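We did not get these values from a lab; they are worked out from the coordinates using the rules stated. Predicted model, so just to flag it, every value in this text is computed and none were measured. Every residue, glycine as well, gets a Cβ built from its backbone with ideal geometry; the counts of neighbours run over all protein chains shown.
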Amino acid sequence: MTITTVKQTRIFYGLLAAFSLTLSGCGVFFGDDGYFRNRADDYLKADSIEPLKVPPHLNSEAPGELYVIPPLTEDDFAFVEDTDRFDVPRPRGLSANALVERVKIQRLGAEQWILVNVQPGQVWPQISNFLSSNELQVARTDINQGLLETGWISFGDEPDQLHRFRVRIDRGVQPDSSEIHILHMSVPRGEDVQASAWPERSTSQEREHWLVEELAQNLASEDIAALGGTSLVAQAIGGSAKSDLSMRDGEPVLTLQLSRERALANLAHATQQQGLVTFDSAINRGVIYLGYQKPDTRERGWFARLFGLKKPKPAPTSQYRLEQLLRHLPEPYDAVPEASSRESERAFPDAPGYLMVLNFSDDTVEARLRDPYGAKVAPRRVRELLTVVRQNLI
């Protein structure tokens, strides 16, 4: 009986000691004095130390900041005026075309060009090598304008003609893309070639098409990004990208540095991608009526697929036509008075979607978003939609 009591007492005290360690375990390991304590705020306790002293015989000029962070103002695209809390903007999304073909030929009417999803500085040396390897010697270059001009050559099927080509490299509508434009010129043999100026259009569309096809196939056969060859002197080719998102008068604006025809073709394509739907369009009046529904990228499990659960939502629709909405709105549509906006809302209640209002100037198109009644939309929402549009430009 005594032996049993001693054993029970030892077990009791052992369990009590283990329970005590359990209660104090968090403090021992994770408390303020624990081994795994939170060190996130340790920098607040840091003391100042004396600056580094440079010996008198060495240069003591302080270096400038390598990565200067400019102040955020209302002119910046990241600025949002409809909230009292600032959110760090997300990194710019990849173009929807960036992961498709790395090299492809684009055509719009009689115009054609090669689209490459790398920067101009990476394309420049590859094009130069291609011309040289095909006996098209480069006679003149202009890096500032992204031009390479070949010397005069002759083809066996046209011995009485001399030909030359001009290759122009521009930045694409996406930040990390390039466009390659080819211009062909021919003159009769014996003519003063020094006095011959480049035409606006290729003399022979067939010759232009031939070089476009050959160059595109050559670039597609090589992984330009993996080659690593970048021309440092050609990094400034083409200036900035042909598309830009910025703040104007407190609202986001999408600017396209393109001809009117090409800008409209781009917007017609982009406003039907990634959840965007074009309800109606009046391009002659510079307005596109569109809706948006954020795509559901989550994958449905086997159980949901088996019983038909979580089916994709239908695309948004509108019960109104664009002509009906514009009937009560005075031009310009990006400056509709509040009274007109309210009148239109009473006439067409619960209209869904947005009006994309376009302003045209010389080779520049600006796009703004309004609600269906011409009133301004919250900048945060406009920024989200215009970002989707920009990602789908081609």
In Å and whole numbers, how far do the C-alpha atoms of the stretch 243-391 stretch along each principal axis, longest first? 53, 37, 27
So, over other residues within a Cβ distance under 12 Å of Ala265, counting Lys, Arg +1 and Asp, Glu -1, the net charge is +1
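Just to confirm a number: summing +1 for Lys and Arg and -1 for Asp and Glu over residues other than Arg189 whose beta-carbon lies under 10 angstrom from that of Arg189, what do you get?
Values: positive: none; negative: Glu158, Asp160, Glu191.
Once all neighbours under 10 Å are counted, the net charge is -3.
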Express the relative contact order of the stretch 103-234 as a whole percentage, based on alpha carbon pairs under 8 Å and six or more residues apart in sequence. 29 percent
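Provide the net charge surrounding Phe348, with neighbours chosen by a C-beta distance below 15 Å and charges set as Lys +1, Arg +1, Asp -1, Glu -1.
Working: positive: Arg321, Arg327, Arg342, Arg346, Arg370; negative: Asp280, Glu323, Glu343, Glu345, Asp350, Asp371.
Net charge in that neighbourhood comes out at -1.
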Size of the dipole of the stretch 121-192 about the Cα centre, Lys and Arg at +1 and Asp and Glu at -1 on the beta carbon, nothing else charged, in debye to 20? 220 debye
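Give me the dipole magnitude in Debye, nearest 20, for the stretch 243-391 about the Cα centre, with unit charges on the beta carbon: positive for Lys and Arg, negative for Asp and Glu. Before the final figure, lay out each step's value.
On the way: 22 positive and 19 negative charges, 175 e Å.
The calculation lands at about 840 debye.
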